[in-house]
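To keep things clear, I will list the structure first and then write my remarks on it.
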Amino acid sequence: MEIQFTCPRCGGHDLSVVQEVFKKFLVTEITATDIKDDEGTFVENKGGVVAYQCFHCGFELRDVSDTDSIDDQDEAIGWVMTEQARRIWKEGKNIPINDDDEIDVAWMEFPKGTPREDIWHWIEETFDISIAELEEWYNSEVRKS
Ligand SMILES: [Zn+2]
């Protein structure tokens, strides 16, 4: 599965990387280990990265404490992956489950009848996050709303 940025503010899917001297590049590819921009360059090789932003509205990726802009590639990838896992986790809450603990409809790339546990393992492996963390995040979101 492709790693995809989704902007929490505008819902756009284009991430950009901002360099010193106010240059901004569109991110065209995110993998678990690398980010590539529209010049086909790996971002870690560019140097002088000051921020990662939504290409459309300028929403800036910030660290967990929300005080600092993320300027490190691995942190940016981690942010995007966590955000994506959370969206999937939230969406999964609305997927019906049958008495055998299998999904009762096809969902994403999983056919109807896939055991819920299989999907949990897939999420954990794909996004490098535990279900416990996701559930903790989800419960805090529910409390907020
Ligand atoms: Zn945006």
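Listed values, structure above:
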quantity: Top of PHE59, PHE110, PHE25 by mean-square fluctuation, Gaussian network on the chain, Cα under 10 Å; calculated: PHE110
quantity: Rough spin-label spacing in nm, given labels placed 7 Å along Cα→Cβ, for SER145 and THR28; calculated: 3.6 nm
quantity: Under the span-like rule (Cα at least 24 Å along the axis, Kyte-Doolittle mean at least -1.0), DSSP H helices of the chain; calculated: 73-92
quantity: Label-to-label distance, nm, for residues given as GLN4 and ASP74 (7 Å Cα→Cβ offset); calculated: 2.8 nm
quantity: Cβ-derived FRET efficiency at R0 35 Å, ASP100 paired with VAL50, nearest 0.05; calculated: 0.10
quantity: Options PRO111, TRP137, LEU15, ranked by Cα towards positive dipole end of the range 15-144, top entry (Cβ charges); calculated: LEU15
quantity: Measure of compaction for the chain (Cα Rg per 2.2 N^0.38 Å); calculated: 1.16
quantity: Separation in nanometres of the label points that stand 7 Å from Cα toward Cβ, at GLU91 and GLU136; calculated: 2.5 nm
quantity: Cut-off 12 Å between beta-carbons: net charge of the residues surrounding ALA85, Lys and Arg +1, Asp and Glu -1; calculated: -4
quantity: Inter-part distance where the range 37-96 and the range 111-140 are each reduced to a Cα centre, Å; calculated: 20 Å
quantity: Trypsin sites (Lys or Arg not before Pro) within the range 12-109: DSSP coil, no more than 13 neighbouring Cβ in 10 Å; calculated: LYS93
quantity: Within straight-line cross-link reach of LYS36, lysines at Cα separation under 29 Å, skipping those fewer than 8 residues along the same chain; calculated: LYS23, LYS24, LYS46, LYS90
quantity: Helical mean residue ellipticity (222 nm; -39500 (n - 2.57) per DSSP H run of 4+; nearest 500) of the chain; calculated: -10500 deg cm²/dmol
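Any read-out appearing in this document is the output of simple, stated calculations on the displayed coordinates, not a laboratory observation. Computed from a predicted structure; not experimentally measured. Don't worry about glycine lacking a Cβ; one is built from the backbone with ideal geometry, like all the others, and counts go over all protein chains shown.
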